[in-house]
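Participant: Just dropping this structure here.
The values are calculated or read from the model by the stated rules, or taken from the named source; none is laboratory data. Since this is a predicted model, take the numbers as computed values, not measurements. Quick reminder, even Gly has a Cβ in these numbers, built from the backbone with ideal geometry, and neighbours come from all protein chains shown.
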Amino acid sequence: MTPWRRVGAGLELLCHVQPGAKVSGFAGLYGDALRLRIAAPAVDGRANAACQAFLAAAFAVRQGEVRLLSGLSSRRKRFALDRIGVWPAELKDLGPAAEQ
């Protein structure tokens with residue numbers, strides 16, 4: 001099972017977020033979730049905003065096309081992407097791409 005699923009032209013991602021990392025990036029899987037290391041601290045929503053910005057850059061979409069669906073104050077979060085611009089190379093070996 002992969003931590004993503006297609007929803008129309010977009011994607012839904014289940015993520016395990018580790019805030020306060022040295023650099024932001026994909027870090028493999030954490031159970032059934034995609035592990036994200038995020039450089040921003042988990043203070044005043046900064047890690048959530050950094051996750052949104054990171055995912056937007058990784059999938060080549062605007063930040064407004066990435067929405068936090070659940071997990072506002074949890075490490076386990078669900079994000080929705082309205083569309084996929086590109087499939088990140090870091091995710092190609094984690095499972096089948098959700099490309100069109």
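Participant: Quick one: how many residues across segment 2-15 are surrounded by fewer than 20 Cβ atoms within 10 Å (Cβ to Cβ) and either at positive phi or modelled with pLDDT of 95 or more (or both)?
Facilitator: The number of residues fulfilling the criteria is 2.
Participant: While we're looking at this one, here's another question. Which of the residues that make up segment 16-46 are crowded, with 18+ Cβ neighbours inside 10 Å, free of Cβ contacts under 8 Å to residues at least 24 places away in the same chain and farther than 21 Å from residue 86 by Cα?
Facilitator: 40
Participant: Among residues belonging to segment 76-95 that are under 21 Å from residue 21 (Cα atoms) and modelled with pLDDT of 95 or more, point out the one that is surrounded by the most Cβ atoms within 10 Å (Cβ to Cβ).
Facilitator: 79
Participant: A further question follows. Spot the failing condition for residue 43; the list is (1) modelled with pLDDT under 95; (2) under 21 Å from residue 8 (Cα atoms); (3) of a type outside the set (S, T, N, Q), and only one is missed.
Facilitator: Here residue 43 meets the rest and fails (2).
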